[in-house]
Amino acid sequence: MSTDRILVTYLTQAKDLQKKAEGIAVGMTVGSWTDLPLAKQEQLRPYLGEVADVSPLESTSSGETRGYITISYPTICFTQDIPSLLTGVFGKLSMDGKIKLVDIQLPPSFLQGFQGPKFGIKGIREITRVHDRPLLMSIFKSCTGLSLEELEVQFRAQAEGGLDLIKDDEIFFADDKAPFIQRIRRFKAISDEIAEQTGKPVLYAANLTGPNSQLIERAKQAVDAGASCLLFNALAFGLDLLQRLTEDPDIQVPIMAHPALAGAYYPSPDYGIAAPLLLGNLLRLAGADFVLFPSPYGNVALDKSEANQLANHLVEDYGTLQPVFPVPSAGIHPGLVPQLYADFGLDQVVNAGGGIHGHPLGATAGGRAFRAAIDASVNGISLTAAASDSNELRLALEKWGGSA
């Protein structure tokens with residue numbers, strides 16, 4: 001079998017898994033095979049999918065066998081873009097009963113067609129000037145309907161707490177009271193002021209919205225206005241558009257991919273696209289520099305093994321694509337930082353909303369509590385011990401509790 005092929009793994013069930021795999025290999029490539037004349041078979045053979053593996057797991061109550069099948073697709077069947085890839089390996093197949101897309105392994109020849117992340121972990125650490133700890137990010141809470149002046153107060157309070165990044169809420173579309181470009185300019189002024197005081201910048205991830213036809217130009221306008229980062233709802237707008245944004249030479253800022261709509265794809269054990277593939281490899285392939293995903297701890301928790309696999313997909317070797325920051329999100333408070341550090345390591349972004357804004361002394365104290373928890377975790381100090389030197393952390397632990 002040629003190495004210039006794409007290996008795609010599915011979880012499915014059938015009376016005969018081998019036969020189902022053979023049907024997918026043919027049906028998703030040349031359409032039919034045994035009925036073709038020999039001359040036509042020779043013509044189409046370079047385009048023919050092949051069964052690479054069949055691994056049964058268990059019998060179902062309906063008498064079928066559930067298991068993994070892996071199909072080998074010739075790269076010649078695809079153009080080097082994500083819509084071609086997903087349509088070619090899962091388009092009509094996604095509607096064929098119980099079948100879930102689990103993994104896609106791309107050969108180097110295909111990966112070379114993707115630029116991938118423009119900054120990645122290394123570039124973002126250089127921008128933020130933070131090299132020895134996880135980064136810390138907060139989320140605006142209450143965006144829509146607030147004036148620019150009210151949001152400025154929120155931004156300053158968060159930035160003064162020692163944050164590395166501050167991001168818009170992903171639902172911040174109706175921004176008539178605090179327009180996109182005006183926000184970027186005003187928040188940049190505050191960030192520059194704080195950077196002058198502290199010696200390090202605070203990045204602001206502004207939510208990029210609008211019709212698809214205008215988004216590239218809108219992103220360029222944001223960069224011209226001083227944007228330091230962009231937040232993008234990659235699944236709602238499309239992975240290909242994310243790739244076009246990340247590959248545009250005039251958009252020289254990191255892009256943060258939000259997982260909005262991901263729950264329509266991954267939660268079912270029998271349908272959709274597995275979270276590690278969808279929010280891991282595919283978003284990295286499209287060029288995201290940060291990827292948000294549900295943490296294993298909140299009310300929209302992702303299974304811990306899947307969350308760890310997803311994070312690994314973002315940081316492990318993947319052709320020439322740079323590693324990118326995992327951002328486990330939802331339900332994060334200072335008391336969880338040791339667990340986050342144990343689960344996701346140094347190269348992650350600790351991301352909090354209520355865990356910062358809900359601090360008894362406000363958002364600035366919330367940020368400081370997280371910074372104390374992060375420093376303690378990196379240095380192997382218990383939060384209880386660290387709280388003796390940080391009133392902000394002590395109050396946070398009293399409110400939310402915490403691990404050692």
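The values are calculated or read from the model by the stated rules, or taken from the named source; none is laboratory data. It should be emphasised that the depicted structure is a prediction, and the values quoted were computed from it without experimental measurement. Cβ sites come from the backbone with ideal geometry, for glycine too, and all protein chains shown count toward neighbours. Note: areas computed on protein heavy atoms with side chains; ligands, DNA, RNA excluded. Shrake-Rupley method; radii C 1.70, N 1.55, O 1.52, S 1.80 Å.
Things to note:
- Scanning the stretch 365-381 for residues that are in a helix (DSSP H, G or I) and either surrounded by fewer than 22 Cβ atoms within 10 Å (Cβ to Cβ) or of a type in the set (D, E, K, R) (or both) gives ALA365, ARG368, ARG371, ASP375, VAL378.
- Residue count for the stretch 314-342, restricted to those that are in a loop (DSSP other than H, G, I, E, B), open to solvent by less than 50 Å² (accessible area, probe 1.4 Å) and β-branched (Val, Ile, Thr): 2.
- Considering ASN308, ASN281, the condition of being buried (at least 19 other Cβ atoms within 10 Å of the Cβ) and either touching an Asp or Glu at 6+ places or on another chain (Cβ under 7 Å) or not aliphatic (A, V, I, L, M) (or both) is satisfied by ASN281 alone.
- Residues in the stretch 264-274 that are surrounded by 24 or more Cβ atoms within 10 Å (Cβ to Cβ) and either over 16 Å from ILE104 (Cβ atoms) or at pLDDT below 95 (or both): there are none.
- So PHE114, is it crowded, with 17+ Cβ neighbours inside 10 Å, in a loop (DSSP other than H, G, I, E, B) and either free of Cβ contacts under 8 Å to residues at least 60 places away in the same chain or not basic (Lys, Arg) (or both): yes
- The number of residues in the stretch 191-206 that are out of contact with any strand residue (DSSP E or B) (no Cβ under 9 Å at 6 or more places or on another chain) and either assigned to a loop (DSSP other than H, G, I, E, B) or open to solvent by less than 40 Å² (accessible area, probe 1.4 Å) (or both) comes to 5.
- Index of the failed condition, ARG133 passing every other in (1) at pLDDT below 95; (2) more than 27 Å from LEU235 (Cα to Cα); (3) buried (at least 16 other Cβ atoms within 10 Å of the Cβ): (1)
- Taken together, the residues in the stretch 382-391 that are closer than 21 Å to TYR297 by Cβ and surrounded by 18 or more Cβ atoms within 10 Å (Cβ to Cβ) amount to 3.
- Here GLU22 meets each of (1) touching a residue at least 40 places away in the same chain (Cβ under 8 Å); (2) over 16 Å from ASP270 (Cα atoms); (3) acidic (Asp, Glu) with one exception, condition (1).
- Number of the condition not met by LEU302 [criteria: (1) crowded, with 24+ Cβ neighbours inside 10 Å; (2) under 12 Å from the mean Cα position of the chain (by Cα); (3) more than 17 Å from PHE232 (Cβ to Cβ)]: (2)
- Within the stretch 275-312, the set of residues being in contact with a Lys or Arg (Cβ under 9 Å, 6 or more places away or on another chain), without any contact (Cβ under 8 Å) to a residue 40 or more places away in the chain and within 19 Å of GLN105 (Cα to Cα) is empty.
- Selection status of GLY355, out of contact with any strand residue (DSSP E or B) (no Cβ under 7 Å at 6 or more places or on another chain), under 14 Å from ALA396 (Cβ atoms), crowded, with 19+ Cβ neighbours inside 10 Å and not aromatic (Phe, Trp, Tyr): yes
- THR144 β-branched (Val, Ile, Thr) and at pLDDT below 95: yes
- Any hit, the stretch 168-180, residues being surrounded by fewer than 17 Cβ atoms within 10 Å (Cβ to Cβ) and not in a loop (DSSP other than H, G, I, E, B): no
- Meets criteria (modelled with pLDDT of 95 or more, assigned to a strand (DSSP E or B) and over 24 Å from GLN243 (Cα atoms)) for ASP103: no
- Residue within the stretch 361-370 that is more than 28 Å from the chain's Cα centre (by Cα), at pLDDT 95 or above and more than 23 Å from ILE166 (Cβ to Cβ) present: no
- Filter pass, THR128 being open to solvent by 40 Å² or more (accessible area, probe 1.4 Å) and either on the phi < 0 side of the Ramachandran plot or in contact (Cβ under 8 Å) with a residue 12 or more places away in the chain (or both): no
- The stretch 233-313 holds strands (runs of 3 or more DSSP E) entirely within its bounds, and those carrying 3 or more residues that are in contact with a helix residue (DSSP H, G or I) (Cβ under 9 Å, 6 or more places away or on another chain) and closer than 19 Å to LEU346 by Cα map to 290-294.
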